[in-house]
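Colleague: Questions regarding the structure given below will be posed in turn.
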């Protein structure tokens, strides 16, 4: 929970300081001798992905953790007793048992990421224009409110319709298993 | 007596269901319909995004709906259908969101997995990473 104690914006700005050309990571790499000149990391897709992954990681970990604590350790022990390698145990027992957590975490991360505006505009480059920035530009630069609204309507429907379909499918499945 | 109890139960159920529904209505449905209404406005010469949709003129109702904003999302006047910046950025957003989800899963799974072994009290007190 510690990251939530500081402002989200502040944490994104901190990444700016870390990834900049004269930032901590570049300076360290040059000191060690990995590179002679700074590697361009800020204002690219790398910095954007780093920022988004960092900010949304808790939303993935929490559902996964809630799911994994309930995992029955005896199943893992049984698999190992029966001669499965650790990898095989992981793929055959742990991953299928935590599928609900994986799905919940992925949805929680994917949906806010899709419309993310702040992180791409702070860390992203000129060519990584995500839809949130396009809506902002239409709204406040071109003053074309109807088009900005149309853009967001398409985005909302693009998220809500698949999600509703998925919910319906899960509900049907639960109802079938309950019978 | 039974009737009264029944009434209380029904009111309770109404409250429990009503609060989230009200919440959804207020913060999802209302903004959604405002957006929907904005997206079909014909702004006219004054560039008024809230130009009236229905006009009453000498006993005649006229409905002004403009769908060209939706068309302009997929049709570029120069390069043709499906060649717009908007589609490109939709796809880009989709790609980055998918990549972020994969990265979060990749880094988050070991976190959650090894946290399982940490005593619950410890997690509750100083759950920090």
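Nothing in this text is a laboratory measurement; each read-out follows from the coordinates by a stated rule. Small disclaimer: the values here were computed from a predicted structure and weren't measured. Quick reminder, even Gly has a Cβ in these numbers, built from the backbone with ideal geometry, and neighbours come from all protein chains shown.
Colleague: Once both axes come from the Cα atoms, what is the angle between helix B:85-115 and the longest principal axis of chain B, in degrees from 0 to 90, rounded to 10?
Modeller: The two axes meet at around 10 degrees.
Colleague: What is the packing order of peptides B:20-26, A:68-74, A:152-158, taking the mean over residues of other C-beta atoms within 10 Å and listing the highest first? Intermediate results must be reported in sequence, preceding the final value.
Modeller: Values: B:20-26: 10.3, A:68-74: 13.0, A:152-158: 17.0.
Final packing ranking: A:152-158, A:68-74, B:20-26.
Colleague: Within 10 Å of each Cβ in peptide B:27-39, how many partner chain Cβ atoms are there on average? Round it to a whole number, please. Show your work: numbers first, answer last.
Modeller: Numbers: counts 0, 2, 0, 0, 2, 5, 0, 1, 9, 5, 2, 8, 10.
Other-chain Cβ atoms within 10 Å of each residue's Cβ, averaged: 3.
Colleague: For chain B, what does the helix formula give at 222 nm: sum of -39500 (n - 2.57) over DSSP H segments with n ≥ 4, over the residue count, nearest 500 deg cm²/dmol? Kindly include the intermediate steps, with their values, before the conclusion.
Modeller: Numbers: 5 runs with 78 residues, N = 129.
Helix-only estimate at 222 nm: -20000 deg cm²/dmol.
Colleague: Then there's this: On average, how many beta carbons from a partner chain sit within 10 Å of the beta carbon of a residue in A:155-162?
Modeller: Numbers: counts 2, 5, 1, 3, 0, 2, 0, 0.
The mean count of partner-chain Cβ atoms within 10 Å per residue comes to 2.
Colleague: With springs only between Cα atoms under 10 Å apart, run a GNM on chain A and tell me which of A:166, A:110, A:59 wobbles the most.
Modeller: Among A:166, A:110, A:59, the largest mean-square fluctuation in the Gaussian network model of chain A belongs to A:166.
Colleague: Right, next: Can you classify segment B:1-66 as rounded, prolate or oblate using the Cα gyration tensor, where a ≥ b ≥ c are the square roots of its eigenvalues, rounded means a/c under 1.5, and otherwise it's prolate if a/b beats b/c and oblate if not?
Modeller: prolate
Colleague: How far apart, in nm, are the 7 Å Cα→Cβ label points at residue B:42 and residue A:169?
Modeller: That separation, rounded to one decimal, is 4.2 nm.
Colleague: What does a probe at residue A:75 reach in segment A:34-65, counting residues whose amide N is under 16 Å from the point 7 Å along Cα→Cβ?
Modeller: Within reach of a label on residue A:75, which here means backbone N under 16 Å from a point 7 Å along Cα→Cβ, segment A:34-65 contributes A:64-65.
Colleague: Testing the spin-label approximation: label points 7 Å from Cα along Cα→Cβ at residue B:85 and residue A:157. State their distance in nm.
Modeller: 2.3
Colleague: Hey, in the GNM for chain B with a 10 angstrom Cα cutoff, which one of B:56, B:118, B:30 fluctuates hardest?
Modeller: Highest fluctuation among the options: B:118.
Colleague: Shifting gears a bit: At a Förster distance of 35 Å, what's the computed FRET efficiency of residue B:58 paired with residue A:142, Cβ-Cβ distance as r, to 0.05?
Modeller: Details: r = 36 Å, r/R0 = 1.01.
Approximately 0.50, to the nearest 0.05.
Colleague: What Kirkwood Rh does segment A:129-179 have if only Cα atoms enter the pairwise 1/r average? Answer in Å.
Modeller: 12.9
Colleague: Please give the average number of partner chain Cβ atoms lying within 10 Å of the Cβ of each residue in A:50-63, rounded to a whole number.
Modeller: Working: counts 2, 1, 7, 10, 4, 2, 6, 8, 5, 2, 11, 11, 4, 2.
Mean partner-chain Cβ count within 10 Å for A:50-63: 5.
Colleague: Using a basic spin-label model with each label point 7 Å from the Cα along Cα→Cβ, how many nm lie between residue A:22 and residue B:102?
Modeller: Between residue A:22 and residue B:102, the simple spin-label model gives 3.6 nm.
Colleague: Separate question: So what's the gap between the Cα centers of segment B:32-78 and segment A:1-64, to the nearest angstrom?
Modeller: Distance between centres, Cα-based: 43 Å.
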